[in-house]
Protein chains: 2
Amino acid sequence: MQTLRRSKVRDQATEQIKHYIVERKLGPGDRLPTETQLAETLGISRLSLREATKSLEFLGIVKSKTGVGLTVGRIDMERVTEHLGFHAGLLDVDPHQLIDSRVILETGVLPYVVRRMADDPTIETRLREIVGQFESARDLKTFIALDIQFHRSLLEASGLQPLVAFGDLLHVFFQRFRESVKQAAWKAGVESHRRLVDFLAKGRIDDATAELRKHIESHKERI
Amino acid sequence: MQTLRRSKVRDQATEQIKHYIVERKLGPGDRLPTETQLAETLGISRLSLREATKSLEFLGIVKSKTGVGLTVGRIDMERVTEHLGFHAGLLDVDPHQLIDSRVILETGVLPYVVRRMADDPTIETRLREIVGQFESARDLKTFIALDIQFHRSLLEASGLQPLVAFGDLLHVFFQRFRESVKQAAWKAGVESHRRLVDFLAKGRIDDATAELRKHIESHKERI
DNA sequence: GGGATTCAATTGTCAGATGATCTATCGACT
DNA sequence: AGTCGATAGATCATCTGACAATTGAATCCC
């Protein structure tokens, strides 16, 4: 037999659309035919075509705007990371692994941060600004928000977008046991952040690494 | 000014479905409500709900079978690669950032690998097995497959699932310039892999780190 | 009891219609 | 003449309703 299982109309459509894009060497921003036209060309209903385009849109391969039409999109890692949370390895993660992963990610980034801090003084300003805001934090909620902001800024300071995206994802899973931080730990955390920035500003990578590692691993005591 | 655009029904639906899965801690294979039920619960038409599920299905987050219903799926990175890698022009990630990210990720993992290698001898066996298979690789395709396999095994050897997941994602975006590897580079790559395993087996983390960094950064010459 | 059949449940596909939103053109007013 | 606003057309967004295709289990027949 030719086809064991008949390929679904929708899946054929997605392939056809991708083929259309490649064949005509279309790039981000280029126009695609309208839904009606595409459906007619492929000989399927507009609905099936929509299911196809919506799938492609999910990853950013195409973009659709009301009143405008379909255009070729640009895929960025952030979008994919956003949905990656369902990767089998992440659905049910051991907190220890989560912590270790964060240590690797954030300490690994420090050499890059130091390098970029030397060129761009706004990075240090930004980090110190957040540290300063810690002082006026009164409740757990704002404290957590600031903590996330600080660590995100740290990753951003490396200039490595993929790691920022991944860091965001880790934070989502980290959230649940962040809330168990005791008031006593705040103060220590604030001091730790401040020392970290100091080390970075002086280019003392090893000290900064040790400080950051200790800071993140302190979460292990609360598991 | 903040563009106040109403979030589309479909996008809300995808979020709701993901939320549903996470909230109930559903894993691959678990059943979801039927389309009709879901649509009713969310207060939207079955059609809009379908566009949502089809999007999720595109990444493998959910699976649907005629006559059976919806089940939770397992994200298949190969599938993601297949869709994402079809047109390099659509990918918007700075290659340098990609390489640097990989360096941080994989070198950061090495101390953990060494530690676990000491306890579990199968790890070294596994890595050497892949290195051995490189010898018999005849075409670019199998070479690439082995390279991916090696680096994935390396991450797995750390025991840190989140990083494995992230590594998978990076490989998706890395794919495109893997294909530009010249035959001459194969041999060097194989040797580098072998040296890396040797260093790891001896617990020489610094040497291993340097070797791995050099290996990954060699891609920079081909940009 | 075992195999074939029927049937209910569920997804797959279609057609048609209406609302929402964007672009562009045209016209009025200064 | 130039600017602003309104109108119209194009296009996507969403809904309703219906029927076909597929699956899995209950049922029936021997």
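What follows is calculated from the coordinates using simple rules that are stated; it is not laboratory data. A quick note: this is a predicted structure, and the numbers were derived from the prediction, not measured. Heads up, the Cβs are rebuilt from the backbone with ideal geometry, glycines too, and the neighbour counts pull from every protein chain shown.
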Single residue of the stretch A:55-72 satisfying the filter (small (Gly, Ala, Ser) and in a loop (DSSP other than H, G, I, E, B)) that is nearest to DNA strand C (Cβ to nearest atom): A:Gly67
Scope the stretch B:47-71; condition touching a residue at least 24 places away in the same chain (Cβ under 8 Å), more than 12 Å from DNA strand D (Cβ to nearest atom) and facing another protein chain (nearest Cβ under 8 Å); matching residues: B:Leu56, B:Phe58, B:Ile61
Residue in the stretch B:76-86 that is assigned to a loop (DSSP other than H, G, I, E, B), surrounded by fewer than 19 Cβ atoms within 10 Å (Cβ to Cβ) and within 9 Å of another protein chain (Cβ to nearest Cβ) present: yes
Some residue of the stretch A:190-197 being among the hydroxyl-bearing types (Ser, Thr, Tyr) and closer than 22 Å to A:Gly132 by Cβ: yes
Residue within the stretch A:8-22 that is at positive phi, surrounded by fewer than 18 Cβ atoms within 10 Å (Cβ to Cβ) and basic (Lys, Arg) present: no
The one condition in (1) within 16 Å of DNA strand C (Cβ to nearest atom); (2) more than 11 Å from every other protein chain (Cβ to nearest Cβ); (3) in contact (Cβ under 8 Å) with a residue 24 or more places away in the chain; (4) of a type in the set (A, V, I, L, M, F, W, C) that B:Val131 fails to fulfil: (1)
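State all residues of the stretch A:5-35 that are among the small types (Gly, Ala, Ser), within 15 Å of DNA strand D (Cβ to nearest atom) and either within 29 Å of the chain's Cα centre (by Cα) or within 9 Å of chain B (Cβ to nearest Cβ) (or both); if no residue qualifies, say none.
Passing the criteria: only A:Gly29.
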